[in-house]
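Participant: One structure, as structure tokens, below. Some questions next.
The values are calculated or read from the model by the stated rules, or taken from the named source; none is laboratory data. These numbers were taken from a predicted model, which means no experiment stands behind them. For neighbour counting, all protein chains shown are included, and Cβ atoms are generated from backbone atoms with ideal geometry for every residue, glycine included. Ligands, DNA and RNA are excluded from the accessible area calculation, which covers all protein heavy atoms including side chains. Shrake-Rupley method; radii C 1.70, N 1.55, O 1.52, S 1.80 Å.
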Amino acid sequence: MAKLKREAHRLFLKAGSKPYYLVGKGIDDMSVEMNGSFETTKDVTGETSVEDSGYQPQVSVEPYYANPEDDIYDFLKDLALNRKSGDDAKAKYLEVIIEDTTAASHEAWQEDCRIEIVSYGGDTSGFQIAYNIYPDGNREQGTATITDGVPTFSTSALGGE
Amino acid sequence: MGETVRYDLDNYEYVSRALWDLVNAYPDLEPDEISFADIDVETGIAFIPTSGAVILNEINDVTGNTTQDCLYPFTIMYKAGGLSENRKVNVKEWLDNLGRWLERQPITVRGTEYQMEQYPTLTGNREIKKIERTQPSFLSEVGEDNVETWVIALQATYRNEFNR
């Protein structure tokens with residue numbers, strides 16, 4: 001199998017009852033920063049040990065060019081312009097790995113998240129809303145089918161095609 | 001060593017047609033019409049692409065989508081013979097006014113103000129972002145029988161998006 005293209009990893013965001021929205025359009029570099037906390041220590045015997053307290057992942061989405069036709073637009077506009085946070089900033093995000101573009105379903109992970117508005121406005125290229133996605137627990141592994149660009153997540157096991 | 005110039009070969013035809021239709025919508029044109037890259041020896045108005053559409057910028061995003069910003073240079077050529085001094089001024093002003101109108105600035109034609117609200121919608125995922133003059137109109141050539149060729153140079157910037 002050849003190496004996967006960048007678009008093989010897709011990240012979707014969903015707020016309220018709206019369908020999942022594909023994040024990353026117009027962005028040529030976007031990563032899930034894992035922010036791992038790993039510490040190596042070496043004792044007097046020369047042995048090395050590793051302690052870790054896990055990860056604090058985060059995704060920075062910048063730029064997002066605001067488009068009222070996007071399913072995520074109203075939610076982001078509300079957070080930014082009405083200065084909302086806390087429970088109002090809750091959403092769900094979905095990661096899909098597409099190893100075979102001809103497959104009917106793909107490995108996927110869904111998790112709760114919180115959205116932080118970083119800034120809005122931007123330069124003259126368009127009205128931009130920059131935001132961060134913070135995973136917030138209840139992570140589930142399952143599968144996703146994608147129809148007309150919209151994914152449907154299921155916690156049923158792989159192999160049910 | 002200079003960078004290789006890349007041309008948008010696939011969309012050139014669509015954008016050419018759209019721009020040609022647009023210049024023929026100029027409020028101060030009738031009863032004339034602007035031909036496409038074809039002008040009579042002694043008289044006429046023509047839309048002439050200067051070169052191919054150049055890809056200025058291309059972003060391949062993480063979703064598999066490609067966005068290209070392209071530049072399409074063109075000229076409008078106005079040819080006429082036996083022009084009086086006043087007519088020369090009128091021709092120059094006519095071309096400059098066409099340029100302003102294409103830039104979506106307000107213009108006045110026979111006492112009526114016109115301003116293009118938005119650029120025409122293109123087919124597919126293409127969008128004209130702006131049109132601007134690169135030079136004011138000027139007398140390019142005086143040929144035989146004192147036939148004058150006046151020219152205004154412009155460029156259109158458009159965006160094209162597609163999935164790779």
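Participant: Could you run through the range B:72-96 and say how many residues are open to solvent by less than 20 Å² (accessible area, probe 1.4 Å) and either closer than 25 Å to B:Asn160 by Cα or modelled with pLDDT of 90 or more (or both)?
Facilitator: The total comes to 6.
Participant: Please give the number of the condition A:Gly54 fails out of (1) out of contact with any Pro (no Cβ under 9 Å at 6 or more places or on another chain); (2) more than 14 Å from chain B (Cβ to nearest Cβ); (3) open to solvent by 40 Å² or more (accessible area, probe 1.4 Å).
Facilitator: All conditions are met except number (3).
Participant: Identify all residues within the range B:44-71 that are away from chain A (no Cβ under 12 Å), free of Cβ contacts under 8 Å to residues at least 40 places away in the same chain and part of a loop (DSSP other than H, G, I, E, B); write none if there are none.
Facilitator: Correct list: B:Ser51 only.
Participant: Test B:Leu83 against the criterion of being under 16 Å from B:Ser140 (Cα atoms) and either touching a residue at least 24 places away in the same chain (Cβ under 8 Å) or within 14 Å of chain A (Cβ to nearest Cβ) (or both), and give yes or no.
Facilitator: Criteria met by B:Leu83.
Participant: Moving on. Here are some conditions: (1) within 14 Å of chain A (Cβ to nearest Cβ); (2) assigned to a loop (DSSP other than H, G, I, E, B); (3) in contact (Cβ under 8 Å) with a residue 24 or more places away in the chain. B:Asp28 meets all but one. Which one does it not meet?
Facilitator: Here B:Asp28 meets the rest and fails (1).
Participant: Could you check the range A:70-161 for strands (runs of 3 or more DSSP E) lying wholly inside it with 1 or more residues that are touching a His at 6+ places or on another chain (Cβ under 8 Å)?
Facilitator: Per the criteria, A:90-97, A:140-147.
Participant: What is the number of the single condition among (1) modelled with pLDDT under 95; (2) closer than 15 Å to A:Leu13 by Cα that A:Trp109 does not meet?
Facilitator: (1)
Participant: Give me the residue from the range B:99-110 that is touching a strand residue (DSSP E or B) at 6+ places or on another chain (Cβ under 6 Å) and open to solvent by less than 20 Å² (accessible area, probe 1.4 Å) and, out of that set, farthest from B:Phe36 (Cα to Cα).
Facilitator: Out of the qualifying residues, it is B:Ile107.
Participant: Here is a list: A:Ser85, A:Ser125, A:Ser105. Which entry is over 24 Å from A:Val150 (Cβ atoms) and without any contact (Cβ under 8 Å) to a residue 60 or more places away in the chain?
Facilitator: The match here is A:Ser85.
Participant: Another question about this same structure. Which residues, counting only those in the range B:8-25, are outside any helix (DSSP H, G or I) and either of a type in the set (D, E, K, R) or modelled with pLDDT of 85 or more (or both)?
Facilitator: Keep residues of the range B:8-25 that are outside any helix (DSSP H, G or I), which gives B:8-11, B:24-25.
Those that are outside any helix (DSSP H, G or I) and either of a type in the set (D, E, K, R) or modelled with pLDDT of 85 or more (or both): B:Asp8, B:Asp10, B:Asn24, B:Ala25.
Participant: Which one of these is more than 23 Å from B:Val62 (Cα to Cα), open to solvent by 90 Å² or more (accessible area, probe 1.4 Å) and out of contact with any Leu (no Cβ under 9 Å at 6 or more places or on another chain): A:Glu62, A:Glu47, A:Glu69, A:Glu33? Don't jump to the end; show me each part of the working.
Facilitator: Numbers: A:Glu62 fails: more than 23 Å from B:Val62 (Cα to Cα); A:Glu69 fails: more than 23 Å from B:Val62 (Cα to Cα); A:Glu33 fails: more than 23 Å from B:Val62 (Cα to Cα).
After ruling out the rest, the residue left standing is A:Glu47.
Participant: When you scan the range A:53-82, how many residues do you find that are among the small types (Gly, Ala, Ser) and touching a residue at least 40 places away in the same chain (Cβ under 8 Å)? Spell out the reasoning first.
Facilitator: Looking only at the range A:53-82, we keep the residues that are among the small types (Gly, Ala, Ser), and these are A:53-54, A:60, A:66, A:80.
Keeping just the survivors that are touching a residue at least 40 places away in the same chain (Cβ under 8 Å) gives A:60, A:66, A:80.
Summing the residues that are among the small types (Gly, Ala, Ser) and touching a residue at least 40 places away in the same chain (Cβ under 8 Å) in the range A:53-82 gives 3.
Participant: I've got another one for you. Go through B:Glu132, B:Glu127, B:Glu113 for me and flag whichever is without any contact (Cβ under 8 Å) to a residue 40 or more places away in the chain, surrounded by fewer than 17 Cβ atoms within 10 Å (Cβ to Cβ), part of a strand (DSSP E or B) and touching a helix residue (DSSP H, G or I) at 6+ places or on another chain (Cβ under 9 Å).
Facilitator: Going through B:Glu132, B:Glu127, B:Glu113 in turn, just one is without any contact (Cβ under 8 Å) to a residue 40 or more places away in the chain, surrounded by fewer than 17 Cβ atoms within 10 Å (Cβ to Cβ), part of a strand (DSSP E or B) and touching a helix residue (DSSP H, G or I) at 6+ places or on another chain (Cβ under 9 Å): B:Glu132.
Participant: Does at least one position in the range A:88-105 carry a residue that is over 19 Å from the mean Cα position of the chain (by Cα), under 18 Å from A:Gly137 (Cα atoms) and surrounded by fewer than 11 Cβ atoms within 10 Å (Cβ to Cβ)?
Facilitator: No, every residue in the range A:88-105 fails to be over 19 Å from the mean Cα position of the chain (by Cα), under 18 Å from A:Gly137 (Cα atoms) and surrounded by fewer than 11 Cβ atoms within 10 Å (Cβ to Cβ).
Participant: Okay, next question. Looking only at the range B:38-71, count how many residues are more than 17 Å from B:Tyr158 (Cα to Cα), open to solvent by less than 40 Å² (accessible area, probe 1.4 Å), in contact with a helix residue (DSSP H, G or I) (Cβ under 8 Å, 6 or more places away or on another chain) and not aliphatic (A, V, I, L, M).
Facilitator: Qualifying residue count, the range B:38-71: 3.
Participant: Within the bounds of the range A:3-10, is there any residue that is under 18 Å from A:Lys90 (Cα atoms), within 14 Å of chain B (Cβ to nearest Cβ) and at pLDDT 95 or above?
Facilitator: For the range A:3-10, residues under 18 Å from A:Lys90 (Cα atoms), within 14 Å of chain B (Cβ to nearest Cβ) and at pLDDT 95 or above: absent.
Participant: A:Ala91 passes all but one of (1) touching a Cys at 6+ places or on another chain (Cβ under 7 Å); (2) within 14 Å of chain B (Cβ to nearest Cβ); (3) hydrophobic (A, V, I, L, M, F, W, C); which number fails?
Facilitator: (2)
Participant: Being surrounded by 11 or more Cβ atoms within 10 Å (Cβ to Cβ), of a type outside the set (D, E, K, R) and more than 14 Å from chain B (Cβ to nearest Cβ) is the filter here, so list the residues in the range A:17-30 that pass it.
Facilitator: Correct list: A:Pro19 only.
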